[in-house]
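Have a look at the structure below before the remarks.
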Amino acid sequence: MLNEKIGKYRWTICGLIFFATTINYIDRNVISFMKSYFTEHKGWTDGDYSNVEITFKIFYALGMLGAGRIIDKLGTKIGYGVYTFLWSLVGVLTACVNTVLGFQIVRGALGLTESGNFPAAIKSVAEWFPKKERALATGIFNSGANIGAIVTPIAVPWILNNYSWQTAFIATGLLGFIWLILWVILYDKPKNQKRLGAAELTYIESDKDEAVSSVDDGVKVSWFKLLGFKQTWAFVIGKFLTDPIWWFYIFWLPDFFESVYKIKLQAASWPVAAVYIISTIGSVGGGWLPLYLIKKGWPVFKARKTSMLIYAFFVLPIFFALVLGKINMWWAVLVIGIAAAAHQAWSANIFTTVSDMFPKKTTASVTGIGGMFGGLGGIFLSLFVQKQMFVHYRAINQIETAYYIMFAVCALSYLLGWLIMHFLVPKMKRVEV
């Protein structure tokens, strides 16, 4: 139990990161609830929507590689603030375009600027939390993705029905500017934060292997050097195999419920929201389990990898989503929600493996490299599987077959990712750079 004399300002910082991640996912998720509207009113096809989605992912992947380096160079406060300002501006400017090409341009810009969120967030957690609390803190801020995904299906169809599609982009884009004010006022590094008590600062800096972090701040570590470590490739491959599954949920769940169950956008928003409500449990619980095991005396690597294996098994029932959905749609909602919860639990822990295995000065860079490969995995899945498959099966009126295939991919990706990570880094030995 944490000594009450130790302050809890670090959880205020965690709350700020949670808020930023929520906004980040609202801004990227808005367009998935425009698909049927744009199909009806602008003549978009599955191919058009896929092209816009793929463009976002390409620039997000490219942006992730540079974002980590930029944030390591600028520092968390300035770097996070700049990226949030830019993606919020792009979100608002989306209201000014009106063609598929125009959407590709602004969604590409959104991907490039939104790429800064997770490298900055992981670096912030590494700065503000001792190792044993990082998975919990990561799980909490990562649940912002779920909240963003819950708010969007409720708010966007309402805005669309009562105002316009342009208003949806403007309203969601403006949220980032509100966050930016709070960030400037409340955030600083622990050693520079006057609101932080001495006891809490000591607690934050309690990890012995992080004690020298202040000495090596600013020392540049090249991407090529980082790519020479098996630890980097374990993170990279884990992200490559599992990030695309979350992208699939974000961009295609509304279409799944509309296409398979023949319900309109407003009605489809509720099962989508229910999926993300369920997934929120996994995001926070995913950080709690390894913390519990560590407190029981387990080594950090064993607690982390055991937790991730459990979460990988919880994804497997999604294979039966369509079978159960034929009984009742809400059975499909339940198993997809459990799989999404398992993804978020997995995500909280795979992010934390970076700060487990690398010093603070490289966390944003390694997170960015992994994020880039996660984006590449999403591009590969969209370009060579989803785009061709959905267009083909919809044309022959067998869209359910496409979703059967996709849910099978979802079910197996995490176990494959865990096995490869375990082979590469059995004990997650820490890198010295």
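The values are calculated or read from the model by the stated rules, or taken from the named source; none is laboratory data. Everything numeric in this text was worked out from a predicted model, so none of it was measured. Because the Cβ atoms are built from the backbone with ideal geometry, glycine has one as well, and the counts that use them run over all protein chains shown. Note: accessible area is taken over every heavy atom of the protein model, side chains too, but ligands, DNA and RNA are not part of it. Shrake-Rupley method; radii C 1.70, N 1.55, O 1.52, S 1.80 Å.
Looking at region 347-433, the pairs of alpha carbons with a distance over 15 Å make up 70% of the total.
Helix 131-162 axis versus longest C-alpha principal axis of the chain: approximately 30°, rounded to the nearest ten. The value obtained for region 125-175, namely the Cα convex hull volume divided by the number of residues, is 67 Å³ per residue.
Sorted by mean Cβ packing within 10 Å, highest first, what order do the peptides 66-75, 160-169 take?
Working: 66-75: 22.0, 160-169: 16.1.
So the peptides 66-75, 160-169, ranked by packing, come out 66-75, 160-169.
Sorting the segments 152-159, 54-61 by their mean number of nearby beta carbons within 10 angstrom, highest to lowest, gives 54-61, 152-159.
Just to verify a number: FRET efficiency for Lys42 and Trp223, C-beta to C-beta distance, R0 = 45 Å, to 0.05?
Working: r = 40 Å, r/R0 = 0.90.
In this case the efficiency is close to 0.65.
Using the Cβ-Cβ distance between Phe85 and Leu415 with R0 set to 41 Å, the FRET efficiency from 1/(1 + (r/R0)^6) comes to roughly 0.55.
Listed peptides 258-266, 318-326 appear in the order 318-326, 258-266 once ranked by packing, highest mean of other Cβ atoms within 10 Å at the front. Carbon-plus-sulfur accessible fraction, the chain (probe radius 1.4 Å, protein heavy atoms only): 70%. Coordinate range of the alpha-carbon atoms in region 238-285 per principal axis, descending: 35, 23, 12 Å. If R0 is taken as 30 Å, the Cβ-Cβ distance between Trp298 and Leu174 corresponds to a FRET efficiency of 0.10.
For the pair Lys73 and Arg430 in one chain, pulling the backbone fully straight at 0.36 nm per residue adds 126.3 nm over the alpha carbon distance. Our helix-only sum for the chain, with -39,500 (n - 2.57) per DSSP H run of n ≥ 4 divided by its residues, gives a mean residue ellipticity at 222 nm of -26500 deg cm²/dmol. Of the three principal axes defined by the Cα atoms of the chain, the extents in descending order read 61, 43, 42 Å. To the nearest ten degrees, helix 46-74 and the longest principal axis of the Cα atoms of the chain are 10 degrees apart. The modelled label-to-label distance for the pair Thr401/Asn328, using points 7 Å beyond Cα in the direction of Cβ, is 3.1 nm. Remark: region 261-267, residue by residue, has Karplus-estimated 3J(HN,Hα) of 9, 6, 10, 7, 3, 4, 5 Hz, where x stands for each Gly or Pro and the curve is 6.51 cos²θ - 1.76 cosθ + 1.60 at θ = phi - 60°.
Considering only protein heavy atoms, what per residue accessible area in square angstrom results for the chain with a 1.4 angstrom probe?
Accessible area per residue, the chain: 39 Å².
Sort region 1-158 into rounded, prolate or oblate with this rule: let a ≥ b ≥ c be the square roots of the eigenvalues of the Cα gyration tensor; rounded if a/c is under 1.5, and if a/c is not under 1.5, prolate when a/b is larger than b/c, oblate otherwise. It comes out prolate by the Cα gyration axes. Only one residue of Pro190, Phe313, Ser115 has its Cα farthest out toward the positive end of the dipole of the chain, where Lys and Arg carry +1 and Asp and Glu -1 on Cβ, and that residue is Pro190.
Summing Cβ point charges (Lys, Arg +1; Asp, Glu -1) relative to the Cα centre of region 39-91 gives a dipole of roughly 400 debye.
Which of Leu180, Leu226, Leu101 ends up with the largest GNM mean-square fluctuation for the chain, with Cα atoms connected below 10 Å? Result: Leu101 has the largest fluctuation of those listed.
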